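Notes for the one structure printed next.
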Amino acid sequence: MVEVADPTDPNLLVAEVEALGLRLARVRQAVGRVIFGQPEVVEQVLITILSGGHVLLVGVPGLGKTKLVETLGTVLGLAESRVQFTPDLMPADILGSEVLEEGADGKRAFRFIKGPVFCQLLMADEINRASPRTQSALLQAMQERKVAMAGQVHPLPAPFHVLATQNPIEQEGTYPLPEAQLDRFLLEVEVTYPDAAAERAMLLATTGAAEARAEPALTASELLAAQALIRRIPVGEQVLDAILALVRGARPETASLPAVRQHLAWGPGPRAAQALMLACRARAVLDGRLAPSVEDVIALAEPVLRHRMALNFSARADGVKLADVIDALKASLG
């Protein structure tokens with residue numbers, strides 16, 4: 001008789017987490033050979049994918065956002081697709097459409113032709129350039145991992161992740177993302193300029209005769225197993241209390257901080273707390289730890305909260321920034 005390992009055995013869980021940590025270290029090394037000077041961005045995007053979520057990359061053009069998505073698709077073994085969002089983009093350009101075909105017997109029938117959303121890693125480039133109609137079509141895919149077309153439901157491949165980019169400077173010909181869609185992004189990651197040393201290394205590595213290429217370090221099935229393992233990692237009461245205090249303290253109705261009550265029009269919903277729970281677990285594993293800490297909550301507070309909060313008119317008039325409010329919230333956690 002073959003003995004089956006008990007999945008609830010804590011020793012087995014520790015061994016699985018340690019093995020996953022080693023594989024993720026190889027993933028980070030593989031990405032680091034191609035992407036220079038963005039360790040925090042790479043970490044936060046990997047946290048999002050390990051948590052099973054979507055990420056919004058905000059930064060000016062030329063900082064390697066597209067290259068990062070292409071690299072992650074190769075390193076993680078995911079089938080990737082790219083859509084350049086424009087004002088005239090229609091839902092069918094993303095989801096697919098039905099065409100009328102005539103068979104050999106003369107009978108006509110509709111056949112669904114899948115759009116680029118049927119992939120495992122979708123890059124939505126300049127996502128805020130699409131109209132609200134197109135945005136709403138992508139919303140179902142992001143939340144439900146399926147596409148409804150002509151009364152038929154078509155499931156998306158697993159895993160499925162949307163990595164969207166947004167230019168924060170040029171706003172001509174753009175549409176603000178609806179709050180409901182922003183809330184579907186697990187993290188909003190700010191992509192900033194690299195430091196001098198990283199930019200120097202990038203110049204030497206990318207303008208020569210040979211350029212470094214990404215190599216696979218994980219498979220899609222291994223990624224699915226890693227996402228399931230992340231959800232099994234225990235979270236201590238102290239961390240849970242910190243997450244609840246941070247999220248509930250960011251709502252003007254229940255906040256105790258004057259900065260929140262005076263400056264925010266609305267705050268994050270329960271999905272922010274769920275995102276923090278998953279992201280803290282993923283960050284702990286990436287750092288080689290077996291359980292998350294309050295420091296993980298503080299480190300991930302800004303990318304989790306900033307797209308789920310809005311300043312009121314008086315705060316904007318006084319020059320208050322969301323980062324200032326979030327810093328006050330983090331300080332309240334000690």
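See the values below:
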| item | result |
| --- | --- |
| Loop GluC sites (Glu not before Pro), region 221-279, which have at most 11 other Cβ atoms in a 10 Å radius of their Cβ (DSSP) | GLU253 |
| Estimated FRET transfer efficiency when R0 is 41 angstrom, pair LEU240-GLU98 (beta carbons, to 0.05) | 0.30 |
| Qualifying trypsin sites (Lys or Arg not before Pro) in region 107-176, DSSP loop, other Cβ atoms within 10 Å at most 15 | LYS107, ARG145 |
| Choice from PHE118, PHE185, PHE313 with maximal GNM fluctuation in the chain (Cα, 10 Å cutoff) | PHE313 |
| Length added when fully stretched, THR86-LEU224, from 0.36 nm per residue minus Cα-Cα | 46.5 nm |
| Fraction of beta bridges assigned by DSSP in region 42-159 that are antiparallel (%, nearest 5) | 70 |
| Options (i) 20.2; (ii) 21.6; (iii) 23.1 - which one matches Kirkwood radius over Cα pairs in Å as calculated here | (ii) |
| Where labels lie 7 Å past Cα in the beta-carbon direction, separation of PHE112 and SER256 in nm | 5.1 |
| Added length on full extension, which subtracts the Cα-Cα distance from 0.36 nm per residue, ALA19 to ARG271 | 87.8 nm |
| Helix-only mean residue ellipticity at 222 nm for the chain, each DSSP H run of n ≥ 4 adding -39500 (n - 2.57), per residue, nearest 500 | -14000 deg cm²/dmol |
| Sequence-distant residues sharing a close amide H with SER131 (under 5 Å, placed H) | LEU89 |
| Rounded to 5, percent antiparallel among DSSP beta bridges of the chain | 40 |
| Segment GLU40-GLU144, extension gain: residue separation times 0.36 nm, minus the distance between their alpha carbons | 34.6 nm |
| Projected label distance in nm at ARG232 and LYS321, using a 7 Å step from Cα toward the beta-carbon | 4.2 |
| Amide H contacts of ARG82 (H built 1.01 Å from N, under 5 Å, at least 5 apart or other chain) | MET123 |
| Normalised per residue, the volume of the convex hull around the Cα set of region 33-143 (Å³) | 137 |
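None of the figures in this text is laboratory data; all of them are computed from the coordinates on show. Just so it is clear, the structure is predicted and the values come from calculations on it, not from any experiment. Cβ atoms come from the backbone with ideal geometry, glycine included; neighbour counts cover every protein chain shown.
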